[in-house]
Amino acid sequence: MSEKPFPFLKFPRALPREIAIPIRVVGFGEIHADFADGDAGDQASRCIDCGNPYCSWACPLGNRIPQWLKLVRDGRIDDAATLMHETNPLPEICGRVCPQDRLCEGDCTLEEGFGAVTIGAIERSITDEALRRGWRPSPAPSTTDKRVAIVGAGPAGLAAADRLVRAGVAVDVFDRYEEIGGLLTFGIPPFKLEKSVVRTRRAVLEELGVRFRLGVDIGRDLAFDAIVADYDAVFVATGAYRFVDARLPGQDLAGVHAALPFLIANARHLLGTAAAGDVLPDLAGKRVVVLGGGDTAMDCVRTAVRLGAARVTCAYRRDEANMPGSRKEVKNAKDEGVIFRFQAQPLSITGNGTVDGVEIAETRLVADNNGRARAEIVEGSAQVIPADIVILSFGFLPSPDDWFETSGIGTDASGRVEVGGNTRLPYQTANPKVFAGGDTVRGADLVVRAVLDGREAAKAILGRLGVIA
Ligand SMILES: Cc1cc2nc3c(=O)[nH]c(=O)nc-3n(C[C@H](O)[C@H](O)[C@H](O)COP(=O)(O)OP(=O)(O)OC[C@H]3O[C@@H](n4cnc5c(N)ncnc54)[C@H](O)[C@@H]3O)c2cc1C
Ligand code: SF4
């Protein structure tokens, strides 16, 4: 018998050490420390290399997970980082923010009975370590005379920039914000993704030759058509920012806030770049109610805890099993003291000038035609949850800019940019010089799928420009 017949039995599934709850809720740092020495290798050795890598199929990027787990097990950190970057331009970021339970780890053969390999935590920690040690993605072997502009420095734009610059194309990335990252910086709070991680990635991309032109709002500070004329191709990755308006009676009362402006104001206060319009409500000692059940709602409740709220409640109209948010985030919120009111449909926000509560009704769940649970109100069940602050988090819709239409970028009825199809290259819009991807094409989605779009759109652009990557 070999020395370690079943490493997945010898080493139970383990994430890096979690910071104790009373400590983590008084600051905004990430809630997991690094793996202790050797632990990433032990965890990687749990992979049984099952032959049909369900994890890779479930990863939108098709990451070669069993292969890099083997390299990590053997201590070949730089080789593992190189292999990770072949499919994923932002592995340290996806390792932190992907809902792994619904993607790679959810399909790991060990998940049933033994606990999935901690793929996300290994991807994050190995990339962090390789970058700390000075490892870098390989630069372009030679440069070309091609120039591409990217509008939007979120994950889709960053992934495209990585692929294009490493193929020898000159890349300028424009963004209206003062820092790169899009929602990685201004939406996702630091306890899920510390902003130093995004700054490190910025430095890596700048070393490769990417130029960031920040604080430039395309359409206001610079005409989009001028960019189209100036560059060989343009990639539009401007995200989805129009919030779903539930039109609740009372939503205009003082003390009612929309989720994203609240998170952006908090991010900017932490970054020290808050502007006059970034209103961060004082939550200290207050009763906060967040309406919604997605990842953004989880970010709001956990931010409210850290801002000193006395009591934080999340009200969601379906049950826990039907929440759109990642299970790990719901667990983290519960651990941090958030109270969940499931099957609670908000009816109105109450108050006289200033909010004092949220009227909710109980719901019963009925399967709709698509098999999804529909929430029906139980008559006579209305009650009020007292609240000093209410945060609305019902999701986001595409937010097409005015210049989409004037520049020949077609959108569908819901505002999503239309790309590809039978007569165009993948990710190509109705304007042949312009490509698009990420949330602006999909509607509000995930970081990893924005990265996929950036990577694949870059491939299509290189094809159009005749550059061999
Ligand atoms: C609060 C919150 C939490 C989330 N948490 C998670 C999570 O945990 N895991 C996960 O996978 N996904 C999460 N998501 C979703 C994820 O962040 C997005 O799917 C992803 O960021 C989309 O990437 P993108 O590059 O398409 O757009 P964005 O990240 O939105 O980037 C678009 C960029 O374009 C810029 N821009 C827009 N218009 C212009 C213009 N006219 N001129 C110049 N610049 C412009 C914006 O400033 C922005 O920087 C979350 C979303 C939110 C809102
Ligand atoms: S990119 Fe996301 S889904 Fe893919 S392996 Fe990494 S954590 Fe899993």
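Run the Debye formula on the Cα coordinates of the chain, all scatterers equal and no solvent, and tell me log10 I(q)/I(0) at q = 0.09 1/Å.
-0.64
Can you say what percent of the DSSP beta bridges in the chain, counting only those with both residues inside, are antiparallel? Round to 5.
40
Starting from the Kirkwood radius over alpha-carbon pairs of the stretch 243-394, derive D by Stokes-Einstein at 25 °C in a medium of 0.890 mPa s and give it in µm² s⁻¹.
Rounded to a whole number, D works out at 156 µm²/s.
Take the chain, mark every one of the trypsin sites (Lys or Arg not before Pro) that falls in a DSSP loop and has at most 13 other Cβ within 10 Å, then report the longest stretch left between them, sites excluded.
248-371
Could you give each residue of the stretch 327-332 its phi-based ³J(HN,Hα) in whole Hz, using Karplus coefficients 6.51, -1.76, 1.60 with θ = phi - 60°, and x for Gly or Pro?
4, 5, 6, 5, 4, 4
If I take R0 = 25 Å and measure r between the Cβ atoms of Asp319 and Arg242 in this structure, what FRET efficiency does the formula 1/(1 + (r/R0)^6) give, to the nearest 0.05?
Efficiency at R0 = 25 Å is approximately 0.35.
Cα gyration tensor of the stretch 298-340, axes a ≥ b ≥ c as square roots of the eigenvalues: rounded (a/c below 1.5), prolate (a/b > b/c) or oblate?
It is prolate, given that a/c is not under 1.5 and a/b is the larger ratio.
What is the fewest-to-most order of His32, His269 by other Cβ atoms lying within 10 Å of their Cβ?
His269, His32
Students often get this wrong: which residues of the stretch 182-215 have the backbone nitrogen under 12 Å from the point 7 angstrom along Cα-to-C-beta of Asp221?
Residues 212-215 qualify, since their backbone N sits under 12 Å from the label point.
What FRET efficiency would be calculated for the residue pair Asp335, Arg147, taking the C-beta separation as r and a Förster radius of 35 Å, to the nearest 0.05?
So, using R0 = 35 Å, E works out to roughly 0.10.
Just to check I understand the Karplus step: with θ = phi - 60° and J = 6.51 cos²θ - 1.76 cosθ + 1.60, what whole-Hz values come out for the stretch 248-254, glycine and proline as x?
Running phi through 6.51 cos²θ - 1.76 cosθ + 1.60 with θ = phi - 60° gives 6, x, x, 6, 8, 5, 4 Hz.
Give me the net charge of Arg132's neighbourhood, meaning all other residues with Cβ under 11 Å from the Cβ of Arg132; Lys, Arg count +1, Asp, Glu -1.
-3
By how many nm would the segment from Leu253 to Arg464 lengthen if fully extended, with 0.36 nm per residue of separation less the alpha-carbon distance?
Taking Leu253 through Arg464 to full extension adds about 70.8 nm, to one decimal.
Using only the Cα atoms of the stretch 7-132, build the gyration tensor, take square roots of its eigenvalues as a ≥ b ≥ c, and label the shape rounded, prolate or oblate: rounded if a/c is under 1.5, else prolate if a/b is larger than b/c, else oblate.
rounded
Using a ≥ b ≥ c from the Cα gyration tensor of the stretch 314-391 (square roots of the eigenvalues), is it rounded, prolate or oblate, where a/c under 1.5 gives rounded and otherwise the larger of a/b and b/c decides, a/b for prolate?
Verdict is oblate for the stretch 314-391.
If you scale each eigenvalue of the Cα gyration tensor by 5 and take the root, what three semi-axes come out for the stretch 417-469, rounded to whole angstrom and sorted largest first?
The three semi-axes for the stretch 417-469 are 19, 14, 7 Å.
What is the sum of charges around Arg374, taking Lys and Arg as +1, Asp and Glu as -1, for the other residues whose C-beta is under 10 Å from the C-beta of Arg374?
Cβ neighbours under 10 Å give a net charge of +2.
Give the order of Asp172, Asp368 when sorted by the count of other beta carbons within 10 angstrom, beginning with the fewest.
The order, fewest Cβ neighbours first, is Asp368, Asp172.
Antiparallel DSSP bridges in the stretch 243-394: what percent, to the nearest 5?
Antiparallel: roughly 50 percent of the beta bridges in the stretch 243-394.
Determine, for Ser407, Ser142, the number of other Cβ atoms within 10 Å of each Cβ, and report the residues in order from fewest to most.
Ranking Ser407, Ser142 by Cβ neighbours within 10 Å, fewest first, gives Ser142, Ser407.
Report the local net charge at Pro398: Lys and Arg +1, Asp and Glu -1, summed over other residues whose C-beta lies under 12 Å from its C-beta.
Local charge sum for Pro398: -2.
I want to check the label-to-label distance for Glu86 and Ser196. Put each point 7 Å from Cα in the C-beta direction and report it in nm to one decimal.
For the pair Glu86/Ser196, the computed spacing is 3.2 nm.
Can you tell me the FRET efficiency between Tyr54 and Leu15 if r is taken as the Cβ-Cβ distance and R0 is 22 Å, rounded to the nearest 0.05?
0.60
No value in this document is a laboratory result; all are computed from the given coordinates. Since the model is a prediction, treat every value here as computed from it, not as a measurement. FYI the Cβ positions are ideal-geometry reconstructions off the backbone, even for glycines, and counts take in every protein chain you see.
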